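K.L.:
Below is the structure I would like to discuss, written out as structure tokens.
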Amino acid sequence: MKKTLIITICLVGMGLAAQAQVAREQIRKNINLAGANYLAYRGPQQKLTPAPKGYEPFYISHYGRHGSRYLIGTNDYDKPYYALLHADSLGKLTDKGRELVGKLRLIRDEALGRDGELTLRGAEQHHQIARRMFERFPQVFRGQTNINARSTIVIRCILSMENALQEFSALNPKLNIRHDASYHDMYYMNDEKSVYAKLCDTQEARDALKAFNDRHTDYSHLKQVLFNDPSYIGPMSDRALGTSLIKLAGNVQSTELRHKLSLWDLFTEDEVYSYWLMNNAFWYMYYGPSHETNSAGTYTQVNLLKNIIATADSCLRLPHPGATLRYGHDVNVLPLACLLNLNHYGETIDNLEDLDDRGWNNYDVFPMACNLQFIFYKPLKGSPANADILVKVLLNEDEATLPIATDHAPYYHWKDVRAYYLNKIKDK
């Protein structure tokens with residue numbers, strides 16, 4: 001009996017070990033994943049499940065992030081560049097450090113005057129997403145149906161929307177396309193005045209993140225790579241310089257310079273993974289279901305979810321409603337996915353050290369051009385106004401699970417989905 005128990009415990013332990021640090025292994029295979037929200041969109045990773053017999057898609061409701069962009073704020077480019085130039089003027093750089101100065105000059109020049117703007121790759125991403133949406137669900141876009149598109153007032157979001165609409169128009173010139181970007185819609189497109197945004201910033205959250213970051217920050221190796229004098233103290237702290245450089249490394253993939261250079265070779269595997277751990281913990285804490293904030297970050301998207309439901313209530317009564325498209329930001333997509341509890345991302349994890357082991361990996365949710373698509377299905381016969389409508393949700397074009405019972409997974413009865421989420425946010 002004792003021997004059997006020991007074997008059982010060992011097997012369970014082996015199973016847990018096999019699941020541990022999945023992100024670390026994935027980052028080892030594709031280091032760009034460490035960029036987290038700077039990851040360039042990869043496209044769908046799975047095949048879609050065929051529609052239930054007797055059903056066809058007829059309406060899509062969507063919220064997507066802008067495509068790949070340049071970094072926001074010139075400091076992200078200027079501070080590390082000038083810090084290294086200063087070190088070079090004192091003769092403190094290694095050969096690798098001087099090589100880095102040349103790379104940073106190229107990166108900085110390419111981004112000059114393009115603060116936070118959409119890159120060429122970002123525009124291409126939205127052409128590709130629109131094309132796949134059209135090809136996967138042709139019934140939604142046939143004939144003279146409507147596309148109603150909205151964007152936040154930020155230019156990279158507007159241009160993302162316009163690139164997608166160009167693709168739709170080319171695929172079906174008969175489409176009736178309406179598009180807008182106005183403060184009128186900002187209360188749900190990107191609600192910066194949400195009371196929940198302030199509730200995220202608790203002392204408990206700040207203390208937990210500081211302790212976590214202190215455990216995982218060590219750029220001593222990077223300092224040896226860049227500087228020939230171990231006692232040299234530059235205008236930036238080791239932590240600030242390391243974080244700036246690894247952030248730049250993660251963003252190169254979104255630009256055309258990705259064909260010419262990389263900064264990842266500056267860092268060890270541990271430095272890269274630790275940076276991602278801290279980034280992942282930050283987003284979980286402030287935009288996910290953390291107990292330190294009472295999940296306040298997820299409720300920043302209540303108005304967006306209400307808009308999705310209310311718009312569907314109207315459109316689903318039509319025989320051929322087309323698509324509702326929305327273009328915004330990562331600070332909307334990630335908390336919306338958590339509010340919906342897609343793929344269990346809405347479940348609280350008490351210890352930040354367990355996020356990777358539990359599969360809470362931000363790069364799977366909010367890369368550049370990330371998106372949520374609600375695909376609605378109606379019976380082939382009868383009026384949709386009186387039909388049992390089904391819906392499935394795609395996260396970055398892959399089928400996602402909802403915390404709702406269904407007999408047609410990954411398809412759910414819309415009446416059940418609607419009732420579940422309206423109840424969840426009824427007092428919000």
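The values are calculated or read from the model by the stated rules, or taken from the named source; none is laboratory data. Predicted model, so just to flag it, every value in this text is computed and none were measured. Positions of Cβ are generated from backbone atoms using ideal geometry, with glycine treated the same way; all protein chains shown enter the neighbour counts. Side chains included, ligands, DNA and RNA excluded: accessible areas come from the protein's heavy atoms. Shrake-Rupley method; radii C 1.70, N 1.55, O 1.52, S 1.80 Å.
K.L.:
Based on the Cβ-Cβ distance of THR49 and LYS193, what FRET efficiency does E = 1/(1 + (r/R0)^6) give at R0 = 41 Å, to the nearest 0.05?
P.N.:
0.55
K.L.:
Rank these residues by their accessible area, most exposed first, probe 1.4 Å: LEU394, LEU159.
P.N.:
Values: LEU394 0, LEU159 75 Å².
These residues rank, largest area first, as LEU159, LEU394.
K.L.:
How much net charge surrounds ASP388 when only other residues with a Cβ under 13 Å from its Cβ are counted (Lys, Arg +1; Asp, Glu -1)?
P.N.:
+2
K.L.:
So, one more: Report in % the part of the accessible area of the chain that belongs to carbon and sulfur, leaving out ligands and nucleic acids; probe 1.4 Å.
P.N.:
C and S atoms contribute 53 percent here.
K.L.:
In square nanometres, what is the average projected area of the Cα convex hull of region 125-231?
P.N.:
Values: hull surface 50.5 nm².
Spelled out: convex hull of the Cα atoms, projected over all directions, averaged, 12.6 nm².
K.L.:
OK, next. Count the net charge of all other residues whose Cβ sits under 15 Å from the Cβ of ALA111, scoring Lys and Arg as +1 and Asp and Glu as -1.
P.N.:
Around ALA111, the charge tally is +4.
K.L.:
Just how far, in whole angstrom, is region 159-238 from region 300-346 if you go by their alpha carbon centroids?
P.N.:
Region 300-346 and region 159-238 have Cα centres separated by 20 Å.
K.L.:
Just how large is the dipole of region 236-276 about the Cα centre, in debye to the nearest 20, putting +1 at every Lys and Arg Cβ and -1 at every Asp and Glu Cβ?
P.N.:
Taking the Cα centre of region 236-276 as origin, the dipole is about 220 debye.
K.L.:
Go through region 176-245 and name the chymotrypsin sites (Phe, Trp or Tyr not before Pro) that are in a DSSP coil and have 14 or fewer other Cβ atoms within 10 Å of their Cβ.
P.N.:
Answer by residue number: TYR232.
K.L.:
Using the alpha-carbon atoms, what tilt in degrees (0 to 90, nearest 10) does helix 75-89 show relative to the longest principal axis of the chain?
P.N.:
Taking the Cα atoms of the chain, the angle to 75-89 is about 20 degrees.
K.L.:
Taking the Cα atoms of region 363-428, report the difference between the largest and smallest coordinate on each principal axis, in whole Å and largest first.
P.N.:
The Cα atoms of region 363-428 stretch 41, 33, 20 Å along their principal axes.
K.L.:
Mind checking which of PRO138, ASN148, THR202 is farthest towards the positive end of region 126-221's charge dipole, using Cβ charges of +1 (Lys, Arg) and -1 (Asp, Glu) about the Cα centre?
P.N.:
PRO138
K.L.:
How much length is gained if the chain between GLU56 and ASN423 is pulled fully straight, taking 0.36 nm per residue apart and subtracting their Cα-Cα distance, in nm to one decimal?
P.N.:
Working: separation 367, 0.36 × 367 = 132.12 nm, distance 2.80 nm.
Going from the current span to full extension adds 129.3 nm.
K.L.:
For LEU380 and ASP357, calculate 0.36 nm times their separation in residues minus their Cα-Cα distance, and state this gained length in nm to one decimal.
P.N.:
Full-extension gain reported as 3.9 nm.
K.L.:
What number comes out for accessible area per residue over the chain if the probe is 1.4 Å? Units Å², please.
P.N.:
About 45 Å² of surface per residue is accessible.
K.L.:
So, one more: Just how much of ARG326 is accessible, in Å², when a 1.4 Å probe is used and the result is rounded to the nearest 10?
P.N.:
Answer for ARG326: close to 0 Å² accessible.
K.L.:
Got a sec? Charge dipole of region 309-428, +1 on Cβ for Lys and Arg, -1 for Asp and Glu; which of TYR363, TYR421, LEU318 is way out at the positive end?
P.N.:
Going by the charge dipole, the pick is LEU318.
K.L.:
Related question: Put +1 on the Cβ of each Lys and Arg and -1 on the Cβ of each Asp and Glu in the chain; which of LEU93, LEU263, LEU390 then has its Cα farthest toward the positive end of the dipole?
P.N.:
LEU390
K.L.:
For the chain, modelled as a Gaussian network with Cα springs under 10 Å, which listed residue fluctuates most, ALA51, ALA296, ALA181?
P.N.:
Result: ALA51 has the largest fluctuation of those listed.
K.L.:
5 Å is the cut-off here: which amide hydrogens, built 1.01 Å from N in the peptide plane, fall below it relative to GLU56, excluding neighbours closer than 5 in sequence?
P.N.:
For GLU56, the qualifying residues are LYS378, LEU380.
K.L.:
So, one more: Sequence neighbours fewer than 8 away in the same chain don't count; with that in mind, list the lysines whose C-alpha is under 21 Å from LYS210.
P.N.:
The reachable lysines, counting only those whose Cα sits under 21 Å from LYS210, are LYS198, LYS247.
K.L.:
Still on this structure, please answer the following. Note down the relative contact order for region 96-185 as a percent, whole number, built from C-alpha pairs under 8 angstrom at least six residues apart.
P.N.:
The normalised contact order for region 96-185 reaches 33 percent.
K.L.:
Rank GLU271, GLU399 by accessible area, highest first, at a 1.4 Å probe radius?
P.N.:
Output order, biggest surface exposure first: GLU399, GLU271.
K.L.:
Stretched out fully, how many nm does the piece from ASP270 to VAL225 gain, at 0.36 nm a residue minus the Cα gap?
P.N.:
Net length gain for the segment: 14.7 nm.
K.L.:
Quick check: convex hull over the Cα atoms of the chain, volume per residue in Å³, rounded to an integer?
P.N.:
It comes to 175 Å³ per residue, whole-number rounded.
K.L.:
Order LYS92, LYS378, LYS210, most accessible first, counting only protein heavy atoms with a 1.4 angstrom probe.
P.N.:
Details: LYS92 50, LYS378 25, LYS210 125 Å².
Ranking LYS92, LYS378, LYS210 by accessible area, largest first, yields LYS210, LYS92, LYS378.
K.L.:
Give a residue-ordered list of calculated ³J(HN,Hα) values for region 268-277 (Karplus: 6.51 cos²θ - 1.76 cosθ + 1.60, θ = phi - 60°; whole Hz; x for Gly, Pro).
P.N.:
For region 268-277, the Karplus curve yields 7, 4, 5, 5, 5, 5, 5, 4, 5, 4 Hz.
K.L.:
If you take every DSSP beta bridge whose two residues both sit in the chain, what share of them, in percent to the nearest 5, is antiparallel?
P.N.:
Beta bridges within the chain, antiparallel portion: roughly 60 percent.
K.L.:
Now a separate question. About its Cα centre, how strong a charge dipole does the chain have in debye, to the nearest 20, once Lys and Arg get +1 and Asp and Glu get -1 at the Cβ?
P.N.:
1180
K.L.:
Ok, one more. Between the helical axis of 2-19 and the dominant principal axis of the chain, each derived from Cα atoms, what acute angle in degrees is found, rounded to the nearest 10?
P.N.:
Orientation of helix 2-19: about 90 degrees from the principal axis.
K.L.:
A further question follows. Counting each DSSP H run of 4 or more residues in the chain as -39500 (n - 2.57), what helix-only mean residue ellipticity at 222 nm follows after dividing by all residues, to the nearest 500 deg cm²/dmol?
P.N.:
My calculation for the chain gives -14000 deg cm²/dmol from helical runs alone.
K.L.:
If a/c stays under 1.5 just call it rounded; otherwise compare a/b with b/c (prolate if a/b is bigger, oblate if not). Do that for region 282-428, with a ≥ b ≥ c from the square roots of the Cα gyration tensor eigenvalues.
P.N.:
Working: a/c = 1.94, a/b = 1.90, b/c = 1.02.
Because a/c hits 1.5 or more and a/b exceeds b/c, region 282-428 counts as prolate.
K.L.:
Using each residue's phi in region 329-337, evaluate 6.51 cos²θ - 1.76 cosθ + 1.60 at θ = phi - 60° and report the 3J(HN,Hα) Karplus result to the nearest Hz, with x for Gly and Pro.
P.N.:
So the J values, rounded to whole Hz, are 9, 5, 6, 9, 5, 4, x, 5, 4.
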